[in-house]
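These notes concern the structure reproduced below.
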Amino acid sequence: MQLDIDFVRSQFPAFQKPSLAGQAFFENAGGSYTCRPVIDRLTRFYSERKVQPYAPYEAARLGGAEMDEARVRLAAILGVETDELSFGPSTTQNTYVLAQAFRQWLKPGDAIIVTNQDHEANTGPWRRLADEGIEVREWRIDPETGRLDPAKLDSLLDDDVRLVCFPHCSNVVGEINPVAEISARAHAAGAFVCVDGVSYAPHGLPDVDALGADIYLFSSYKTYGPHQGCMVIRRNLGMMLPNQGHYFNADTLYMRFTPAGPDHAQVAASAGMADYIDLLAEHHGVGGQTAAGRGEAVHDLMRAHEVTLLQPLLDFAASRNSVRLIGPTQAENRAPTVALACKKPGEQLAADLAPYGIMAGGGDFYAVRALEALGVDPATGVLRLSFVHYTSKDEIDTLLGALEAVL
């Protein structure tokens, strides 16, 4: 079954706005357009529920119920228990709080593993644990392909390793890492697994339980929602780590790693992401009666559409001698986040594309370690072209024509 792109785009008000008409959005890895159900819920909360939630009057009851609904429905799609999902101000902040919990839990001589494929928001807080006497080992990418070889992880694993941190996919390499295989290797060595899903989740929310991740992080503003960080922590690990929230909330798993008060409106609006998944599943007649089934079916619809659109872009980039395509050349193996290294700075190339109606980005995208490992000067950076399931074939054709002119 093919994705009904007209129906999809009808769910995003951005596509009906005159100010964005004629502009093809190719910087979705930095943040996606917001779907109508999220906007409607956010507007309703600010209009009708902007009171302290959970108080004994109707507006407060409804506000609290909507916050709870977001957690219940998204956790079900992700294949985890309701209290294993929590919301924070951003994935960067969530990762920092988690690192503080591990700082208290780990002992000098313990080790963690990080990669140089990561966005700095995932790797930076973990690397700082070296200041506390924790050994930080680096799982390094192939300098030509940017790939993380799971077999090379084995040489870093031993009885001292407590945690392995890596991305579901990199925000510049784009290759989809085999999370379930990596998790199994880490667990066999007695280590927990933290997966940065920020660059993958926009292409379909994953079944976290099937992946085997102990921690899975992503950003809802990249999954068509409000600006929140979503954090799954499985119960056995979450209750083992020191509480980072108020002491009287220590027994509530989803409060243990969110020391700041939640953004009530944005948490409630996050249920709109589940609404959107249900709308797509119902319209296409897929997924059945369970939230997990609908999430999986919509994930597959999104990925199939993206793969079809991605291959022509990869073929174009691979055919240009003046361009270095970072990551795999086959669409099935990667997310539609395409980084191109050229002699001209990435920011300049993005500016050159703007008159052609292409909204793209250039720079290092906080992936400085990955670019350096690949031999790309972060000061020059890359042109990054990233899209999601609401991108149309016509927009891809416009992009290819613009690239032909600019390059």
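The values are calculated or read from the model by the stated rules, or taken from the named source; none is laboratory data. Since the model is a prediction, treat every value here as computed from it, not as a measurement. Glycine also receives a Cβ, built like all others from the backbone with ideal geometry; neighbour counts cover every protein chain displayed. SASA here: full protein model, heavy atoms, side chains in, ligands and nucleic acids out. Shrake-Rupley method; radii C 1.70, N 1.55, O 1.52, S 1.80 Å.
Annotations for the structure displayed:
- Residue in the range 311-331 that is under 30 Å from Glu144 (Cβ atoms), without any contact (Cβ under 8 Å) to a residue 24 or more places away in the chain and in contact with a Ser or Thr (Cβ under 6 Å, 6 or more places away or on another chain) present: yes
- Residue match in the range 38-53 (condition: closer than 30 Å to Pro336 by Cα and either in a loop (DSSP other than H, G, I, E, B) or among the charged types (D, E, K, R) (or both)): yes
- Within the range 184-193, one or more residues are in the same structural domain as Gly79 (by the TED database) and under 21 Å from the mean Cα position of the chain (by Cα).
- Meets criteria (modelled with pLDDT under 95 and over 18 Å from Pro259 (Cα atoms)) for Gly31: no
- Counting the residues of the range 54-77 that are open to solvent by 30 Å² or more (accessible area, probe 1.4 Å), in contact (Cβ under 8 Å) with a residue 60 or more places away in the chain and of a type in the set (Gly, Ala, Ser) gives 1.
- Residue pairs meeting the criteria (Cβ under 8 Å; at least 6 apart or on separate chains; first more than 22 Å from Gly261 (Cβ to Cβ), in the range 213-234; second of a type in the set (Asp, Glu) and assigned to a helix (DSSP H, G or I)): Arg234/Glu84
- Hey, Gly375 in contact with a Gly (Cβ under 9 Å, 6 or more places away or on another chain) and at pLDDT 95 or above or not: no
- Residue match in the range 16-36 (condition: of a type in the set (S, T, N, Q), farther than 17 Å from Lys222 by Cα and free of Cβ contacts under 8 Å to residues at least 24 places away in the same chain): yes
- Total residues in the range 154-175 satisfying the condition of being open to solvent by 50 Å² or more (accessible area, probe 1.4 Å) and closer than 26 Å to Pro378 by Cβ: the figure is 0.
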